[in-house]
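Everything on this sheet refers to the single structure shown next.
The values are calculated or read from the model by the stated rules, or taken from the named source; none is laboratory data. Small disclaimer: the values here were computed from a predicted structure and weren't measured. Heads up, the Cβs are rebuilt from the backbone with ideal geometry, glycines too, and the neighbour counts pull from every protein chain shown.
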Amino acid sequence: MTLPLMPKATAVWLIDKTALTFTQIAEFCGMHPLEIQAIADGEVSAGINGYDPVKNNQLTENEIKRCEADPNARLKLIPTSNPVTRRAKGARYTPVAKRHDRPDAIAFVLRQFPQLSDTQIVRLLGTTKDTIAKIRDRQHWNSSNIKPRDPVILGLCTQTDLNAAVQAANERLVREGHSIPEETPAEASFNPSQDTFFER
């Protein structure tokens, strides 16, 4: 999937300067509509300057107007000889301001998607296997205060990356002859003394 340069900054600009829907902006920037909603609400965009995709030859004004007139239309990126594609390997860098949210995100992923391997979680959230193990085993120094929260809403990863990781994990389970676990309702309460996570 080819994305615009600086997707989140581009999303900030599109939210501020256009009448596009959250879904249109999300699909163009490789994000989830809830991420766009959070940016629009000022929850995850503090300090991010908008990046003008028109001035930077990624979109035309006519393309924006076309999609503003039709909520079902999708923005098309101007072709480039040096396309930017999603990063495929390596741990994700997490801004210092968001690192305190990471244990909550790890707890959420362990609960909702137990099929994800520790390696996948490391890459998805920019954490370490040691931290994952401590949260799973209730040995984390802040275990009593950890509350599972969606990493997409927290801005630690995109829904696209999360979906891709879950799909890869599900395909691995199928290859190995295992059943795919059902997702736990997101609103379920988290009790460190009673809940158990998927054991490897």
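Scanning segment 11-28 for residues that are within 16 Å of the chain's Cα centre (by Cα) and of a type in the set (Ser, Thr, Tyr) yields a total of 1. Within segment 116-134, the set of residues being farther than 12 Å from residue 162 by Cα and in contact (Cβ under 8 Å) with a residue 40 or more places away in the chain comprises 117, 118.
Here residue 19 meets each of (1) at negative phi; (2) among the small types (Gly, Ala, Ser); (3) in contact with a Leu (Cβ under 6 Å, 6 or more places away or on another chain) with one exception, condition (3). Under the condition of being farther than 19 Å from residue 69 by Cβ, in a loop (DSSP other than H, G, I, E, B) and not β-branched (Val, Ile, Thr), the residues counted in segment 1-57 number 21.
A residue that is more than 30 Å from residue 143 (Cβ to Cβ), surrounded by 14 or more Cβ atoms within 10 Å (Cβ to Cβ) and at pLDDT below 90 occurs somewhere in segment 71-89.
Residue-wise test of (1) buried (at least 22 other Cβ atoms within 10 Å of the Cβ); (2) modelled with pLDDT of 85 or more.
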| residue | (1), (2) |
| --- | --- |
| 11 | yes, yes |
| 14 | yes, yes |
| 23 | no, yes |
| 32 | yes, yes |
| 36 | yes, yes |
| 43 | no, no |
| 46 | no, no |
| 55 | no, yes |
| 60 | no, yes |
